Amino acid sequence: MSKNNFLIVGAGLFGSIFAREATNRNHKCLVIDNRDHIGGNCYSEKIANIEVSKYGPHTFHTNNKEVWDYVNRFTTFRQYSQITMVCYNGELFTFPINLITLNKLWGVTTPEQAIKTLEEKRVKIDNPANLEEWALSKVGTEIYEKFIKGYTTKQWNTDPKNLPTSIIRRIPIRLTYDNLYFSDKFQGWPENGYTEMFDKMLDGIEVRLGVDYFKNKKELDDSADKVVFTGKIDQFYDYRFGRLEYRSLRHESKILDGDYQGCSTINYTNEDIPYTRVIEHKHFQPHKSNNKTVITFEYPDNYNDNKIPFYPINDNINNDLFVKYNELASQEKNVIFGGRLAQYKYYDMDQVVASALHKIKVLETEGLFNGSNRSTKPIKSTFIPNVPYFAVW
């Protein structure tokens, strides 16, 4: 049996796109994943004839037409615009915060009134030392208490006073009545779920599921000229400098009759409610609605090696640790690192797609994909473009 050009560790978005594009250029690829399914955290499955996202929902949204056109090669995206509500003490608010929200809070009706009232509500803190002080200085006590404090405490399992300002970065406030969650030009939900998209991406490519790369590393590495690694970068180096920290999630789903909450997502911001949101999957595809519904309660969770690392904790200590691992990665000649875990950043899906396509272009420029399909040239660049980090709160 001929040797593979690429061993791709991870059948998520970055790995699947890389495998597809390398295969299209006559390279032989083997894709492995330690889970029993493809698609990574985007994996979806049918329950009660409803497409359910096992690891939480993913609305695809982007302003990048190249990215939008690319994913539409593999599935039909139906127009869908996310609407999210916030529940605090049993009261519902539109989110992101907009003039509808501010009208309910303070009775304002115009952008001018909103700007004036926000300025009056802000707490004067010249040099915010933590997330709480930063938020109070931007939006004041009421918005902080109702929208940020409890949710952030649950999400990161610590008081916001203990978090750096970089965790939140921005508080989206719109001075219009626009209550759509995303403002990107292209937004949608795959007609038949994300798993179909990954099936088509990986069509004709050898995929092995339930394979632990680290238990078979030497044999798997020897099976290919080069490795594309999309897992945890600290694990790749056997935690040489210590472990990078993550937050995980736990999902509990129920099948019910009828319509549970009237929209796809409600965030619960009270600290005494253990889950951060309730997802009702049928609302992502309302044209397929039936008399059943599947709801999912999403709980923030401490991470360990038996759980899925959802969110990197990008504080200064972890970011400095990642720099050390990234320096090792930059010296690799036959390994490409890509995706959220390998780069220790929380990326939206469109950013992962863009980074994978960018890596393909870089390798073409370096001559790796030119001429013979045997990829013997060393890799000169293992870096993906620096995509902005969007914190989750």
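Quick notes
- Residue within segment 50-57 that is in a helix (DSSP H, G or I) and either in contact with a helix residue (DSSP H, G or I) (Cβ under 9 Å, 6 or more places away or on another chain) or open to solvent by 10 Å² or more (accessible area, probe 1.4 Å) (or both) present: no
- Scanning segment 185-240 for residues that are among the aliphatic types (A, V, I, L, M) and either in a helix (DSSP H, G or I) or touching a helix residue (DSSP H, G or I) at 6+ places or on another chain (Cβ under 7 Å) (or both) yields 197, 201, 202, 205, 220, 227, 228, 233.
- For segment 73-82, the criterion of a residue being closer than 20 Å to residue 266 by Cβ and outside any loop (DSSP other than H, G, I, E, B) is satisfied by no position.
- The helices (runs of 4 or more DSSP H) found wholly in segment 303-376 and carrying at least 1 residues that are at pLDDT 95 or above, in contact with a Cys (Cβ under 9 Å, 6 or more places away or on another chain) and crowded, with 17+ Cβ neighbours inside 10 Å occupy 349-365.
- Test for residue 297: is it buried (at least 16 other Cβ atoms within 10 Å of the Cβ) and in contact with a His (Cβ under 8 Å, 6 or more places away or on another chain): yes
- Taken together, 194, 181 contain a single residue that is closer than 27 Å to residue 70 by Cβ, of a type in the set (Ser, Thr, Tyr) and either open to solvent by 50 Å² or more (accessible area, probe 1.4 Å) or at pLDDT below 95 (or both), which is 181.
- Check on residue 261, buried (at least 16 other Cβ atoms within 10 Å of the Cβ) and assigned to a loop (DSSP other than H, G, I, E, B): yes
- Residue in segment 281-296 that is modelled with the highest pLDDT, counting only those that are under 14 Å from residue 258 (Cβ atoms) and of a type in the set (Ser, Thr, Tyr): 293
- Residue satisfying all of: in segment 278-294; within 17 Å of residue 49 (Cβ to Cβ) and without any contact (Cβ under 8 Å) to a residue 60 or more places away in the chain; surrounded by the fewest Cβ atoms within 10 Å (Cβ to Cβ) among these: 291
- Taking first residues from segment 152-174 that are without any contact (Cβ under 8 Å) to a residue 40 or more places away in the chain and partners that are part of a loop (DSSP other than H, G, I, E, B) and surrounded by 14 or more Cβ atoms within 10 Å (Cβ to Cβ), the Cβ contacts under 8 Å between residues at least 6 apart in sequence or on separate chains come to 160/130; 161/130; 162/130; 165/128; 165/130.
- Being under 20 Å from residue 33 (Cβ atoms) and among the hydrophobic types (A, V, I, L, M, F, W, C) holds for only one residue in 295, 317, 336, and it is 336.
- For segment 138-150, the condition of being without any contact (Cβ under 8 Å) to a residue 60 or more places away in the chain, in a loop (DSSP other than H, G, I, E, B) and over 25 Å from residue 274 (Cβ atoms) holds for none of the residues.
- Yes/no for residue 275 being among the hydroxyl-bearing types (Ser, Thr, Tyr), open to solvent by 30 Å² or more (accessible area, probe 1.4 Å), touching a strand residue (DSSP E or B) at 6+ places or on another chain (Cβ under 7 Å) and farther than 30 Å from residue 20 by Cβ: yes
- Within segment 72-105, the set of residues being more than 19 Å from residue 184 (Cα to Cα) and either of a type in the set (Asp, Glu) or exposed (fewer than 15 other Cβ atoms within 10 Å of the Cβ) (or both) comprises 73, 89, 90, 91, 92, 104.
- Neighbours by Cβ (under 9 Å, 6+ apart or cross-chain): first from segment 192-218, more than 30 Å from residue 281 (Cβ to Cβ); second of a type in the set (Ser, Thr, Tyr): 204/23
Let's see how each residue does on (1) in contact with a strand residue (DSSP E or B) (Cβ under 8 Å, 6 or more places away or on another chain); (2) open to solvent by 20 Å² or more (accessible area, probe 1.4 Å); (3) among the charged types (D, E, K, R):
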| site | (1), (2), (3) |
| --- | --- |
| 123 | no, yes, no |
| 141 | no, yes, no |
| 147 | yes, no, no |
| 152 | no, no, no |
| 159 | no, yes, yes |
| 162 | no, yes, no |
| 166 | no, yes, no |
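- Residues in segment 42-87 that are among the aromatic types (Phe, Trp, Tyr) and in contact with a strand residue (DSSP E or B) (Cβ under 6 Å, 6 or more places away or on another chain): 4 in all.
- Within segment 9-21, the residues that satisfy the criterion of being out of contact with any Asp or Glu (no Cβ under 7 Å at 6 or more places or on another chain) and either modelled with pLDDT under 95 or over 16 Å from residue 73 (Cβ atoms) (or both) are 9, 12, 14, 15.
- Residue match in segment 36-46 (condition: open to solvent by 20 Å² or more (accessible area, probe 1.4 Å) and in a strand (DSSP E or B)): yes
The values are calculated or read from the model by the stated rules, or taken from the named source; none is laboratory data. The shown structure was predicted, so the numbers you read here are calculated from the model rather than taken from an experiment. Methodologically, a virtual Cβ is constructed for each residue, glycine included, from the backbone with ideal geometry; neighbour enumeration extends over all protein chains shown. Just so you know, the surface numbers come from the protein's heavy atoms only, side chains and all, with ligands and any DNA or RNA stripped out. Shrake-Rupley method; radii C 1.70, N 1.55, O 1.52, S 1.80 Å.
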